[in-house]
1. Can you name every residue in segment B:406-429 that is more than 14 Å from chain A (Cβ to nearest Cβ) and either farther than 26 Å from B:ASP53 by Cβ or not in a helix (DSSP H, G or I) (or both)?
2. Taking segment B:430-486 only, how many residues are hydrophobic (A, V, I, L, M, F, W, C) and within 11 Å of chain A (Cβ to nearest Cβ)?
3. Since B:GLY373 meets every condition but one in (1) among the small types (Gly, Ala, Ser); (2) within 26 Å of B:LYS453 (Cβ to Cβ); (3) surrounded by 24 or more Cβ atoms within 10 Å (Cβ to Cβ), which condition does it not meet?
4. Collect the residues in segment A:83-98 that are facing chain B (nearest Cβ under 10 Å), within 25 Å of A:ASP29 (Cα to Cα) and of a type in the set (S, T, N, Q), keeping them in residue-number order.
5. Given the criterion outside any loop (DSSP other than H, G, I, E, B), exposed (fewer than 15 other Cβ atoms within 10 Å of the Cβ) and of a type in the set (A, V, I, L, M, F, W, C), identify the matching residue among A:PHE200, A:PHE249.
6. On the given criteria, is B:GLU620 assigned to a helix (DSSP H, G or I) and touching a Leu at 6+ places or on another chain (Cβ under 8 Å)?
7. If you scan segment A:66-82, which residues turn out to be out of contact with any strand residue (DSSP E or B) (no Cβ under 7 Å at 6 or more places or on another chain) and more than 7 Å from every other protein chain (Cβ to nearest Cβ)?
8. Sort through B:LEU429, B:LEU355 and tell me the only one that's within 30 Å of B:GLN36 (Cα to Cα) and surrounded by fewer than 22 Cβ atoms within 10 Å (Cβ to Cβ).
Amino acid sequence: MPTDVATPALTRKDFTSDQMVRWCPGCGDYSILAQVQKIFPDMNRPKEEFVFISGIGCSSRFPYYMDTYGFHTIHGRGMSVATGVKLANPGLSVWLVTGDGDGMSIGGNHLIHLLRRNLDINILLFNNRIYGLTKGQYSPTSEKGMVTKSTPFGSLDHPFNPPALALGAAGTFIARTLDVDAKHMQKMIAEAYRHQGTSFLEIYQNCLIFNDNAFTDYSDKETKEDRQLLLEDGQPMIFGKGGNKGIRFDGHRPQVVDLENGKWSVDDLAVHDKSDKLLALMLSDLTYQSEFPTPFGVLYQIEKPCYEKQVYQQIDDAISKMGKGDLEKMLRSGHTWTVD
Amino acid sequence: MSETKKGPQKPVETVERVTIRFAGDSGDGMQLTGSQFSETTAVFGNDLATQPDYPAEIRAPAGSLAGVSSFQIQFSSKDIQTPGDQPDVLVAMNPAALKVHLPDLRKNGMVIANSANFTKRNLQLAGWESNPLEDEKLFADYQLVDVDMTRLVSTAVEDLNMPNKLVARSTNMFALGLLYWLYGRGTADTRKFIETKFKKRPEIVEANIRALEAGYNYGDTLEAIPISYVVAKAKMASGMYRNIMGNQALAMGLLTAAEKAGLRMVYSGYPITPASDILHMLATYKNYGVVTFQAEDEISAITAAIGASFTGALAVTGTSGPGLALKGEAIGLAVSTELPLVIINVQRAGPSTGLPTKTEQADLNQALYGRNGEAPVVVLAPATPSDCFYMAFEACRIALEHMLPVILLSDGYLGNGSEPWKLPDLASLPPILNHKVTESNGDYHAFEIKDEKRLARPWAVPGTPGLEHRIGGLEKDAITGNVNYDPDNHQAMTIRRQQKVERVADNMPPTELYGDDTGDLVVLGWGSTYGAIRAAVQRLRENGQKVSHLHLRYLNPLPNDLGEQLLKFRKVMVPELNMGQLVRIIRAEFLIDAIPVNKVLGKPFVPSEIEERIMTILKESSDAN
């Protein structure tokens, strides 16, 4: 949270470390780094209060490039390290950078538990649907049938659907954005920051070496409008060229309707309500369905007490109830006797 | 409720030491009975040592051999070191308990059995072909006191109209009352305990107290036990005492270290026998400011602790052997990032899940070597239950003063065992330094050594203006901490991490040698074998043997003077509850032909075993000369 103390305004440069960025030229990670560095000064918060934690993978090099406190940890464990940071000092703004492999395969357990505990930590999950740093094996978000080095005859795994996973784990802020959509990403990062609780922001990120064009449908001028469903809270679900299509619900079943054939109007469309969990589940379920557009934006957000606040509340309550701990008293608790 | 009344006077005999084993079904409350006897005995003023032994299953089938739970206590008017070799008294609440424990009873020892539980079904479950209580031959060498405790308790609580199940559950208090009579201690402390524990259920308080008193009075009037015993108060150093279990002492040591270091403690763990009690205890000490975190798994427990350490807390994680295996990679991260961290391993027996409730010292190799790459850590081991307090404090002190991870190797025997503890003078414990930097002078480098003596790096924690920096598990530049793949830098950093551990030896107390500093044989022990070794060496020295005892509480680095001390003896014997882990290090480090003594029965050594081995070695060596 912004502090009361007036601090000199920070700039993007203040968040840029002296380390050479070593992602492949053209990697989607560059854009994410750029948006974070661009928007962080707007948070109006002393930069020593920001901490970036990561696991292992291409995305996890991120902390080295931010001139904040940072910790590049071990594979899959960034979620837990971040938890420890927040528990030791709830006053910090803790950011977790992870990928589809780091966060949902080796670190899957920690991810779901972080979400259910709802610590005020912001997760940036770079989803490129491939293992990049280990050179091209399929990941838990790779589509079924994908041919990779470790699946020469096609992957047999069903992919995870990140927002659905986060919903299932009782996440309180679940959003999705795209590496090349700078404006939208900045907006999502700002909303994730403002959310009190664990923010889960999935960022579709292109790996041009091992899984190029995985998300081109969402960025290409030709297809973008038809494939992207940009969610706005309180707004009808419109998409398509010039807003010519929409999503309506037939009971619990979503359907794409044509707004130009005179049969349907905007009034028939579903209106996004980010506090509606059932709606969020149905929306996230569209992710791998080719006949539907893929939802972007804040799918779900509710308020729920943060874990770390409750931890310190319990400590405060214990102190006011029992008095501040006294070691001498502790040693003498129970039966004691004196030998002369 | 009647006060304990004295019946007709029976003769009283004074004895120096007594070992009692309470044994029964898991549901019979033997642990509670044993710990109550210990508390009363400690307050009475005897020296004592205890050893609980219980099955890993919470409720193994009632009456089965697998379900037997026991608690052994040795108490004495003299200084004692162990829970005793062979029990003098066996309390057997059912046939299975008798079956399991009778072979351990000393000749002419006393068996107190609850005959009510010797039913056909229970006999069958325990594998007795006929009722052993009726077998005169079996008890030819023992004294049998069979009492229908269940019936006597039923009679005592008749007017309370309690269900049979609750009556049966009070029989342990009858046995306890009987033992209190037998050894001349009062029931008052236990009555108070019962009143507090079952405060909300007055009928249970009443039933338990009546059972306790019934047991006491039964001893007083019964002819089957013609004599009672007195074990006089032990001569102990003056001061205030309490009875303490190892895990409890360990938790207190951590809290004390946090206060002496002026840091908040973050303790993170995942439930695992026999380490969970540390988490439980610390969770109740919230008013001391400790943050306890029950993580989703062992890896999360240690990595959360590492995050807390990065953020400037006193970070501690606790586990048992299998959990330490899971934490291995993260310990490497703490080594590589040179962060202070305390890792507690309350060892259990065996590989894999092993024997969760039994004790062993077989994780020394794991603690020393269980990581990828060259990843040395400091390894410490407490020697007794109360020593867990001091060694937990030491682990925190070394971690913070040297900026590195420390593994503390306790074990099930220490963790659950108890002994009287003369309370420490907290003021005499040293303050604990740390390497926090709070101000920026413009050229902060995260890995630049400022403390040449300890090779400790500065600890700048998130939230400190101007000291923003990044660390990680990749090899780091020796000054800036930035990623560095340079070969010479890697070599230098590897040596630095090794030297950091070695330098701890300059910041350790001198090694204490018990006995003369030269002689025929020195017993070199570590960890929980302390009591058995000390008792054995004491006895042999009283008989004029030139034997000494050296006990290691610091296992890595080894004390600077260790080799020199060992070389002054003709023989070095190393007893360990493993297949020979320390002994190999001693042989490798000092080229000493140290003799291993090993067992892995899930039980501690008893002094007689050590004594016999020493005598065999001495005899062999004198025969050879």
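1. Taking segment B:406-429 first, the residues more than 14 Å from chain A (Cβ to nearest Cβ) are B:406-417.
The answer is B:VAL406, B:ILE407, B:LEU408, B:LEU409, B:SER410, B:ASP411, B:GLY417.
2. From segment B:430-486, those hydrophobic (A, V, I, L, M, F, W, C) are B:432-433, B:437, B:446-447, B:449, B:455-456, B:459-461, B:467, B:471, B:474, B:478-479, B:483; that's our starting set.
Narrowing further to those that are within 11 Å of chain A (Cβ to nearest Cβ): B:446, B:460-461, B:467, B:471, B:474, B:483.
So the count comes out to 7.
3. (3)
4. Across segment A:83-98, the qualifying residues are A:THR83, A:SER93.
5. Numbers: A:PHE200 fails: exposed (fewer than 15 other Cβ atoms within 10 Å of the Cβ).
Just one listed residue meets the conditions, A:PHE249.
6. Details: assigned to a helix (DSSP H, G or I): yes; touching a Leu at 6+ places or on another chain (Cβ under 8 Å): no.
Here the answer is no, as B:GLU620 does not meet what is asked.
7. In the first step, residues of segment A:66-82 are kept if they are out of contact with any strand residue (DSSP E or B) (no Cβ under 7 Å at 6 or more places or on another chain); the result is A:74-77, A:80.
Of everything in segment A:66-82, those that are out of contact with any strand residue (DSSP E or B) (no Cβ under 7 Å at 6 or more places or on another chain) and more than 7 Å from every other protein chain (Cβ to nearest Cβ) turn out to be A:HIS75, A:GLY76.
8. Values: B:LEU429 fails: within 30 Å of B:GLN36 (Cα to Cα).
Sole residue among the options that is within 30 Å of B:GLN36 (Cα to Cα) and surrounded by fewer than 22 Cβ atoms within 10 Å (Cβ to Cβ): B:LEU355.
Readers should treat all values here as calculations from the given coordinates under stated rules, not as data from a laboratory. What you are looking at is a predicted structure, and each value in this text was computed from that prediction instead of being measured. Please note: Cβ atoms are built from the backbone with ideal geometry, for glycine as well, and neighbour counts cover all protein chains shown.
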